[in-house]
Amino acid sequence: MIVETGHFALVLALALALAQAILPFVGARLRDVSLMRVARPVAVAQFLLVATAYGALTYAHVVSDFSLVNVIENSHSLKPMIYKISGVWGNHEGSMLLWVLVLSSCGAAIALLSRAMPDVLRADTLAVQGLMGAAFLAFILLTSNPFARVADPPWQGRDLNPILQDPGLAIHPPLLYLGYVGFSIVFSFAAAALIGGRIDAAWARFVRPWTLAAWIFLTLGIAMGSYWAYYTLGWGGFWFWDPVENASLMPWLAGTALLHCAAVMEKREALKVWTIFLSILAFSLSLLGTFLVRSGVLTSVHAFASDPQRGVFILAILVAFIGGALALFAFRASALPTGGLFAPISREGALVVNNLLLTVACATVVIGTLYPLALEALTGDKISVGAPFFDTVLIPIALPLVLLMPIGQMLAWKRGDLLAALQRLRAAFAAGVVALAAFGALYGAPALSIVSAGLAVYLVIGAFTDIAQRAAQGNALARLRGLPLSAWGTSIAHAGMGLSLLGLAATGWGVEQIVAMKPGVAQEVGPYQVTIEDIASRAGPNYAETYAVMALRKGGETIARIEPAKRFYQARRMARTEAGIVTLGLGQVYAALGEQHEDGTLDARLYYKPLVLLIWLGAVVMALGGGLSLADRRLRIGVASRARTAAQPQAAE
Amino acid sequence: MTRKGKRLALISGALAVLAIAVGLVLFALRDNIVFFYSPAELAQKRVAPGTRLRIGGLVKEGSVQRGDDRNVAFTVTDRTADLSVTYKGLLPDLFREGQGVVVDGTLGADGAFRADSVLAKHDERYMPREVADSLKKQGVWQGEGTKK
């Protein structure tokens, strides 16, 4: 009964989404306020209905209702509760339902937090949001119904793919979807601005908090996914340039660019058309990512099942929305009032350079991801474009960007003084050079790691130089308190980027070895010694595992014990490596088991990874910076109209 | 700077960055892409020894030989042609005879393939798409969901 309620709620949600797409739009054209105001309650109701459907599917998974195809194929009664709940999105149908849930929650959020917004803008925005909801709800109901039943329910399910049974996966997809789909809000705003032909600084003030929120979730989602890959795939890699990973990186790069150019539009009323374009681009790339992952064009952990019908349906949605938005852009962008031009040496100019580098980086990722698909479709040749391609192309773009980040932060709006900015950054440059020399003396090679580490230190120091110099002018505490939160946000986010870069640079100094270990015989890994003390077996809830107890010593003293294991999941007859990881400061020792031989030796990967945690901590710090900016009174969602009249303290003079 | 000058500076700057990026992409695409073949396709093409390749197929039953020091030799087959592969390292959890596999590495002058990475399928239902495609091409595909 609960399951049928969920299915019914989903159908009702589709009907409401269609109403949300049509009525407010018509109202906005007829200037009929009552029609336009239909949008808000409908958007909230649509969200509640999708939430009901989602709750029903979760219920079916929790109680192991094996009359549902979805539950049979992805659940098992012995599976721990957390994976019963996260298993809802560990499959194609459920993850699409989560996608739509997030999409409708975005609509509800606009509806609830847009009191200050003009009626026409709100109506058009929610109409576009409703249209997207309708398209994806139709996709679910027609091709991927999660509520499909079987006539003859089996006693047991087939269990969730073991590599997805992990706490990291419980959080990664929801975060990523909040980011991906969060950009739909910005997309809808852009489409509404184009339809209405009105765009001003207030528009940018409405859009920026949503962009920021989506960007924060996307940053955290990508970091979480990368950490998950690092510790579950059992060989210590954290980024594979897999098309599915690229699918999340593309909207992140576009979103980061958007975040910065929306600032220009808000402060200086310039770059309007470009801001609109990036708003469309960020979500279009999210849609492209959804298509790549969900259509079965690619094979990876993320592609649950391939069904050509689904692929064609998603492709149609993709073409309709991206094509529609770009066509709208082509016809209407020229009608938008253009902003003024500005001096190249200024904060605006620096942000243009930022946008240029970020969009070029984004374009190269798009090319690297789509080129193999295009080539195969055209010539039948199969190629793979991997890390060497992306390293060659992105490093020469990323390193100059890092070099310019603190300089841009130092330039004032309207007219900057490059020489003065460089002089103010003396301490940061000096710190970078000292770090470069220190890392060079300590490790000697590789050159790229040393240069990157030097740049990373320069970036972290440079990010806070402005704030530090303000604090130094007299009453430090009062001055720091007087700074807008968004200034702190910028500095912290930039510093986070620096920390991630330092973590990435340090990958060049780790030790990665595959060794045959004899129990009781110590094995060197970096500055540590690892000894196998015991090898044994035990049973988990839905798996059996063989594990090794390894002692980690330094100078004869035992620091930690780790238990890397090989797990075997009965339901799917599948093995999975469970890495043993010790965190020592910011570095980690990583052990993963291989095969055991008859003479008692055990193959194992033993890695020593200095500073590796910084890669992900940096991302968390970036998100924290974003959060601070979001908390800034002037940027808070819904206060755009009040902020317009309030005094505008400049971030840097 | 005049309005025209500003616009010119902006556009020429953008073009310069773009030109550099295009150059990098072309350079990287020429040097860093790896072709994917099945053993049968490899037999047809004349590939110079030392070229980096990805080969996909099934691990031939009974072909896996484990040597000392984590050296492994096995045969990758698409039921039409075979290719012997040597590898030193840890095999993935899902590496099994009769199952799909993708190997990355270089072709030696003796016609044997030296792999530096071995990827196995992710789960029981999964087969690398390239392998499925080439098996279909060779006519030995046994339909969706066929299990060994």
Karplus 3J(HN,Hα) series, Hz, for segment A:606-620 with 6.51 cos²θ - 1.76 cosθ + 1.60 (x for Gly, Pro): 10, 10, 10, 10, x, 6, 4, 5, 4, 4, 8, 4, x, 5, 5
Per-residue [θ]222 nm for chain A (sum of -39500 (n - 2.57) over DSSP H runs n ≥ 4, rounded to 500): -21500 deg cm²/dmol
Residue list for segment A:110-149, given a label point 7 angstrom along the Cα-to-Cβ vector of A:Arg37 and an amide N cut-off under 16 Å: A:111-124
Radius 12 Å from Cβ of A:Ala56, net charge of other residues (Lys, Arg +1; Asp, Glu -1): -2
Under 5 Å, built H, 5+ apart or other chain: amide partners of A:Gly594: A:Asp603, A:Ala604, A:Arg605
Distance-filtered residues of segment A:459-487 - backbone nitrogen under 19 Å, label point 7 angstrom along A:Asp417 Cα→Cβ: A:465-474
Per-residue mean of C-beta atoms belonging to partner chains within 10 Å, peptide A:592-604: 2
Distance (nanometres) between label positions extended 7 Å along Cα→Cβ at A:Leu480 and A:Arg426: 2.4 nm
Between segment A:33-57 and segment A:132-195, the Cα center-to-center distance that results, in Å: 17 Å
Under the Karplus curve 6.51 cos²θ - 1.76 cosθ + 1.60, θ = phi - 60°, whole-Hz ³J(HN,Hα) for segment A:78-92, x wherever Gly or Pro sits: 8, 5, x, 3, 4, 7, 5, 6, 6, x, 4, 9, x, 8, 4
Förster radius 22 Å - calculated FRET efficiency between A:Arg538 and A:Leu78, Cβ distance, rounded to 0.05: 0.90
Stretchable slack from A:Ala316 to A:Ala343, in nm (0.36 nm times residue separation minus alpha-carbon distance): 5.4 nm
Cα-based shape type of segment A:1-165, given that a ≥ b ≥ c are square roots of the gyration tensor eigenvalues and the cut on a/c is 1.5: prolate
The protein assembly as shown - charge dipole about Cα centre, Lys and Arg +1 at Cβ, Asp and Glu -1, debye rounded to 20: 2960 debye
In Hz, Karplus ³J(HN,Hα) per residue of segment A:533-543 (6.51, -1.76, 1.60; θ = phi - 60°; x = Gly, Pro): 9, 7, 10, 8, 10, 7, 10, x, x, 10, 8
21 Å Cα cut-off, lysine pairs counted over chain A (separation 8 or more, or different chains): 6
Sparsely packed chymotrypsin sites (Phe, Trp or Tyr not before Pro) within segment A:374-439, loop by DSSP, other Cβ within 10 Å at most 11: none
Gain upon complete extension [B:Ala14, B:Glu97; 0.36 nm per residue less C-alpha separation]: 24.5 nm
Global geometry of the protein assembly as shown, whether rounded, prolate or oblate, following the gyration tensor of its Cα atoms and the 1.5 cut on a/c: oblate
Segment A:534-573: C-alpha gyration tensor shape, a/c 1.5 cut-off, then a/b vs b/c: prolate
Stretchable slack from B:Lys4 to B:Lys45, in nm (0.36 nm times residue separation minus alpha-carbon distance): 9.2 nm
Calculated FRET value between A:Gln570 and A:Val549, using beta carbons and R₀ = 22 Å, to 0.05: 0.40
Two-site FRET efficiency, A:Asp152 against A:Ile85, from Cβ-Cβ distance with R₀ of 35 Å, rounded to 0.05: 0.85
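Quick note: the coordinates plus some simple rules give every number you see, no bench work behind them. None of the values given here were measured: they were computed from a predicted structure. Positions of Cβ are backbone-derived with ideal geometry, glycine not excepted, and every protein chain shown enters the neighbour counts.
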